[in-house]
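The values are calculated or read from the model by the stated rules, or taken from the named source; none is laboratory data. Everything numeric in this text was worked out from a predicted model, so none of it was measured. Because the Cβ atoms are built from the backbone with ideal geometry, glycine has one as well, and the counts that use them run over all protein chains shown. In case anyone asks, the SASA skips ligands and DNA or RNA and just uses the protein heavy atoms, side chains included. Shrake-Rupley method; radii C 1.70, N 1.55, O 1.52, S 1.80 Å.
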Amino acid sequence: VPAFERVVTGWQRERDEEPAPERIAQLDKLLSTYAHWADDFADDDGRLHPHLHPLATDSGRFACSQPNLQQVPAEHTAPGMRACFVPARGMVFIVADYAQIELRVAAELAPCDAMRAVFRAGRDPHRATAATLARKPEAEVTPHERKLAKAVNFGFLFGMGARRFQEYAKSNYGLDLSPAAAQSARDAFFATFPGIAAWHRRIGALEGRSQREPITVHTALGRRKRFLPGHFSFNAALNIPVQGTAAEGFKRAMIDLHAALQPLGGRGILCIHDEYIAEVPEPRAEEARLLVQQTMEAAMATVVPHVPIVADAHTARSWAEK
């Protein structure tokens, strides 16, 4: 709590120095949202105990409230904030995250043989798209080209149009694209992964029926999203089965980890979309890291059996450590 209060004081000091207008707006948002967390939510032990809601979203992902720890900003947006979240004395964090899970799940559900082949070969799907876009071998792709391709893969996966992609690439990746470049990027994505293009066409074809009858899509384990007549959403019909299937695999992993970590003296303390944080005794840190990684991969593989699953896990002394 004292560290968090110092961070908030630093934001206020920076705000009083009148930085650039866009930073002022950012600081105002941080202060209005987080300045009173220590007073409003910290217990006597200095810890936050938020409410996690496992079925609150259409996709089946967890939601979080009182406070919403799933929306704690990254270091570049809220300097110092995540560093205030630390394990108890004698403990360390295990921070784990699924690698490119939405692309992997989409490759499973679409299905997309080309994307499956990329993951089975241990290749980088962003380099694969960049190679198509730049018309060069994957080995010759530059960091900038890969950055653009990363925006392309995540932007177009769920039905984003070229015009909206221009805004997305600028706000999320700092990339300025012309309308022609955005359209070329979209074309490259679907040329690289034709199975995804076919999936989009199948879902798009449902729109004609959606005016006169309900449309239902579902996850791998059967969670359904029903669109009433006249309320069909192409983007949601793509997004919900993918995010929902990823949520199902993640929940299986969390159930398995609850039992697996107990003999080590550890426990899970938070999930943030596809990220899992556990607190374990420091002497068992490496053992726990491997356990978390392997358990997360094995559980997700039960719902995504035809695409290799990769989870990255590391030990940390604060949430800010990479």
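Residues checked against (1) modelled with pLDDT under 95; (2) not hydroxyl-bearing (Ser, Thr, Tyr):
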position: Phe232; (1), (2): no, yes
position: Glu248; (1), (2): no, yes
position: Leu257; (1), (2): no, yes
position: Arg267; (1), (2): no, yes
position: Ala288; (1), (2): no, yes
position: Pro308; (1), (2): no, yes
position: Ser318; (1), (2): no, no
position: Glu321; (1), (2): yes, yes
Test result for Arg116, closer than 30 Å to His218 by Cα, over 19 Å from the mean Cα position of the chain (by Cα), at pLDDT 95 or above and assigned to a helix (DSSP H, G or I): yes
Residue in segment 273-293 that is buried (at least 16 other Cβ atoms within 10 Å of the Cβ), closer than 30 Å to Glu75 by Cα, in contact with an Asp or Glu (Cβ under 8 Å, 6 or more places away or on another chain) and of a type in the set (Gly, Ala, Ser) present: no
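Scan segment 283-296 residue by residue and report those that are under 12 Å from Pro263 (Cα atoms), hydrophobic (A, V, I, L, M, F, W, C) and free of Cβ contacts under 8 Å to residues at least 40 places away in the same chain. It would help to see each step written out before you state the result.
Step one: filter segment 283-296 for residues under 12 Å from Pro263 (Cα atoms), giving 284, 287-288, 291.
The next check asks that each one be hydrophobic (A, V, I, L, M, F, W, C); those that pass are 288, 291.
Residue satisfying the conditions is Leu291 alone.
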One residue from Arg289, Arg284 being assigned to a helix (DSSP H, G or I), over 29 Å from Arg120 (Cβ atoms) and out of contact with any Pro (no Cβ under 6 Å at 6 or more places or on another chain): Arg284
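Which is within 30 Å of Met254 (Cβ to Cβ), touching a strand residue (DSSP E or B) at 6+ places or on another chain (Cβ under 6 Å) and open to solvent by 40 Å² or more (accessible area, probe 1.4 Å), of Ala63, Ala56?
Going through Ala63, Ala56 in turn, the sole match is Ala56.
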Residues within segment 37-53 that are under 30 Å from Val217 (Cβ atoms) and open to solvent by 70 Å² or more (accessible area, probe 1.4 Å), tallied: 1
Residue tally, condition among the aromatic types (Phe, Trp, Tyr) and open to solvent by less than 30 Å² (accessible area, probe 1.4 Å), over segment 234-250: 1
Subset of segment 256-272 [over 19 Å from the mean Cα position of the chain (by Cα) and open to solvent by less than 20 Å² (accessible area, probe 1.4 Å)]: Leu257, Leu261, Leu264, Gly266
Unique residue being touching an Asp or Glu at 6+ places or on another chain (Cβ under 8 Å) and open to solvent by less than 10 Å² (accessible area, probe 1.4 Å) when the list is Ala299, Ala253: Ala299
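Which residue is most open to solvent (accessible area, probe 1.4 Å), if the candidates are limited to segment 75-92 and must be assigned to a loop (DSSP other than H, G, I, E, B) and β-branched (Val, Ile, Thr)? I'd like the intermediate steps shown before the answer.
Taking segment 75-92 as the starting set, the residues that turn out to be assigned to a loop (DSSP other than H, G, I, E, B) are 75-81, 85-90.
Narrowing further to those that are β-branched (Val, Ile, Thr): 77, 86.
Details: Thr77: 35, Val86: 79 Å².
If we take residues in segment 75-92 being assigned to a loop (DSSP other than H, G, I, E, B) and β-branched (Val, Ile, Thr), then Val86 is most open to solvent (accessible area, probe 1.4 Å).
Results for (1) under 22 Å from the mean Cα position of the chain (by Cα); (2) touching a residue at least 60 places away in the same chain (Cβ under 8 Å), shown as yes or no for each residue.
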site	(1), (2)
Lys251	yes, yes
Met254	yes, no
Asp274	yes, yes
Pro281	no, yes
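From the list Asp28, Asp39, Asp43, exactly one residue is in a loop (DSSP other than H, G, I, E, B), farther than 19 Å from Met254 by Cα and either modelled with pLDDT of 95 or more or not aliphatic (A, V, I, L, M) (or both). Which is it? Working first, answer last.
Values: Asp28 fails: in a loop (DSSP other than H, G, I, E, B); Asp39 fails: in a loop (DSSP other than H, G, I, E, B).
Every option except Asp43 fails the conditions.
Quick one: which residue in Ala181, Ala185, Ala198, Ala131 is open to solvent by less than 20 Å² (accessible area, probe 1.4 Å) and more than 23 Å from the chain's Cα centre (by Cα)? First the steps, then the outcome.
Working: Ala181 fails: open to solvent by less than 20 Å² (accessible area, probe 1.4 Å); Ala185 fails: more than 23 Å from the chain's Cα centre (by Cα); Ala198 fails: open to solvent by less than 20 Å² (accessible area, probe 1.4 Å).
Of Ala181, Ala185, Ala198, Ala131, the one residue that is open to solvent by less than 20 Å² (accessible area, probe 1.4 Å) and more than 23 Å from the chain's Cα centre (by Cα) is Ala131.
Determine which member of the set Val95, Val105, Val72 is surrounded by 19 or more Cβ atoms within 10 Å (Cβ to Cβ) and farther than 30 Å from Val307 by Cα.
From the options Val95, Val105, Val72, the qualifying one is Val72.
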Sole exception among (1) outside any loop (DSSP other than H, G, I, E, B); (2) of a type in the set (Val, Ile, Thr); (3) over 30 Å from Ala128 (Cα atoms); (4) in contact (Cβ under 8 Å) with a residue 12 or more places away in the chain for Val95, by number: (3)
